[in-house]
Structure formats: C-alpha cells, structure tokens
Amino acid sequence: MDDQNVIAIRNALSTLFIDEVHRAREEQAQHDRYLLKMELCAYLKISNNTLDKWIELGLPRINICGVVRYDRDAVDQWLRKHVEGW
C-alpha cells in the first residue's frame, strides 16, 4: 500500500472517529435532565428567539445565583399544557 492510501485511510478513520464522538455526545445530551439554553433549543428544534418568546410566556426555568438550567421534564409538561386542543 502506498503512502497516499495510508493517509487516505487514516483521514477516513479520523473522520469516522470524530463523527462518532459527536454522535455519542448528542445522544448523552438527549438523556440529560437539566439543559443549557442551547441544548434546550436543540432538543425542541427551535431557534433561540423562539425560546426567548416561550420564556416570556412562562416556560419554566431554574435560576440559581445566575446559573440558568431548564428541566426537560418540566418543559415537556409545560408544552403539553400549551398544545392546542388539549
């Protein structure tokens, strides 16, 4: 095997490894109960601006000494209450 093939294989393996690490981190974040704002946006698949509007409407959050987290369970419950027709 020549040097170009070895380099190509190394690059492919490196890319696969990095992609797998990112996927594993995203999966773990989906199981975390307390989320950062950007994690909640990703979880809900909404923009930061939309989340800000929902916060104004009463979306629950936890603020302890300026550290803000969002309880996934409380957010899910709040969303269920605000679904039209429920």
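The values are calculated or read from the model by the stated rules, or taken from the named source; none is laboratory data. Source: prediction; values computed, not measured. Using ideal geometry, Cβ is built from the backbone for each residue, glycine included, and neighbour counts are taken over all protein chains shown. Just the protein is used for accessible areas: all its heavy atoms, side chains included, with ligands, DNA and RNA removed. Shrake-Rupley method; radii C 1.70, N 1.55, O 1.52, S 1.80 Å.
Are there any pairs, at least 6 apart or on different chains, whose C-beta atoms fall under 7 Å, with the first in the range 39-64 and under 13 Å from Trp78 (Cβ atoms) and the second hydroxyl-bearing (Ser, Thr, Tyr) and open to solvent by less than 60 Å² (accessible area, probe 1.4 Å), and if so, which?
Leu40/Tyr70; Arg61/Tyr70
Could you please give the count of residues in the range 61-86 that are more than 13 Å from Leu36 (Cα to Cα) and surrounded by 10 or more Cβ atoms within 10 Å (Cβ to Cβ)?
Number satisfying all stated conditions: 7.
Considering only residues of the range 1-49 that are open to solvent by 90 Å² or more (accessible area, probe 1.4 Å) and touching a strand residue (DSSP E or B) at 6+ places or on another chain (Cβ under 7 Å), which is modelled with the highest pLDDT?
Among those residues, the one meeting the criterion is Tyr34.
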